[in-house]
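Let me begin by presenting the structure, written as structure tokens, before commenting on it.
Each value in this text was obtained by applying a stated rule to the coordinates, not by laboratory testing. Note that the coordinates shown come from a computational prediction; the quantities given were computed from them, not determined experimentally. FYI the Cβ positions are ideal-geometry reconstructions off the backbone, even for glycines, and counts take in every protein chain you see.
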Amino acid sequence: MRPAAGTRVEVESGTCDGTIDSNHGGFSGTGFCNLTNAVGSAAQVSVTPSSAGSAALTIRYYNGTTTARPKDISVNGTVAAAGHSFASTGTWDAWADYALTVPLNAGANTVRLVSTSADGGPNQEYVQS
Ligand code: GCU
């Protein structure tokens with residue numbers, strides 16, 4: 001069952017160095033970010049918590065290859081997870097979630113996911129806070 005949509009930020013509301021695609025199943029919103037297959041390609045969203053403090057983020061992605069696709073995850077310019085390895089999800093239609101805890105400010109926070117391998121990152125779905 002999908003989590004409540006209230007605090008979910010679809011990647012298509014942010015920026016995507018690549019294309020917003022909808023040619024695989026399983027996505028919410030209007031699609032997902034297919035990042036350019038290159039080091040440095042990035043998806044970025046803005047999350048706004050109800051209050052400042054430590055918050056759990058859930059990052060939903062798809063990786064239909066057999067090779068993990070690493071990304072740096074930063075919040076407001078500070079790396080929170082360096083080179084996190086987004087493992088294979090089996091097919092491009094099957095998602096998995098990566099959860100991490102990060103410090104968030106009151107108001108808008110920038111969450112940036114940057115590919116650190118030449119394969120680019122996995123397809124990116126949403127960030128939930
Ligand atoms: C395939 C797939 C894309 C994916 C790409 C990749 O082309 O259809 O959704 O982004 O592989 O390897 O990144």
- Item | Convex hull volume of the chain per residue (C-alpha atoms, cubic angstrom) | 90 Å³
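Which whole number of Å³ per residue matches the convex hull of the alpha-carbon atoms in region 23-82?
Considering the Cα atoms of region 23-82, their hull volume per residue is 133 Å³.
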- Item | For the chain, built as a Gaussian network whose Cα springs stay under 10 Å, the top-fluctuating residue of 106, 87, 68 | 106
- Karplus-derived 3J(HN,Hα), 6.51/-1.76/1.60, for each residue of region 47-61, Hz, glycine and proline x: 10, 10, x, 6, 7, 6, x, 6, 9, 7, 10, 10, 10, 9, 8
- Message: Skipping prolines and chain starts, which residues have an amide H placed within reach, meaning under 5 Å, of the one on residue 55, given they are 5 or more residues away or on another chain?
- Response: 102, 104
- Message: Starting from 0.36 nm per residue, how many nanometres of slack lie between residue 56 and residue 39 once their C-alpha separation is accounted for?
- Response: 3.5 nm
- Task: Output ³J(HN,Hα) for region 68-77: one whole-Hz value per residue in order, computed from phi by the Karplus curve 6.51 cos²θ - 1.76 cosθ + 1.60 with θ = phi - 60°, and x for Gly and Pro.
- Result: 5, 10, x, 8, 8, 10, 10, 10, 6, x
- Query: Which value, in debye to the nearest 20, describes the size of the charge dipole of the chain about its Cα centre when Lys and Arg Cβ atoms bear +1, Asp and Glu Cβ atoms bear -1, and nothing else is charged?
  - Reply: 240 debye
- Query: region 6-56 to region 112-129: how many Å between their Cα centroids?
  - Reply: 8 Å
- Item | Estimated FRET transfer efficiency (residue 48, residue 68; beta-carbon r; R0 41 Å; 0.05) | 0.85
- Query: Which residues in region 92-109 have a backbone N closer than 19 Å to a point placed 7 Å from the Cα of residue 13 along the Cα-to-Cβ line?
  - Reply: 98, 100, 102, 104-109
- Query: Hey, what do the phi angles of region 85-100 turn into as Karplus ³J(HN,Hα) couplings, whole Hz, using 6.51/-1.76/1.60 and θ = phi - 60°, x for Gly and Pro?
  - Reply: 8, 7, 5, 4, 9, x, 9, 6, 9, 9, 9, 9, 10, 10, 10, 8
- Here FRET efficiency (C-beta to C-beta, residue 23 to residue 78, R₀ 30 Å, nearest 0.05) is 0.30
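What FRET efficiency would be calculated for the residue pair residue 85, residue 106, taking the C-beta separation as r and a Förster radius of 41 Å, to the nearest 0.05?
0.85
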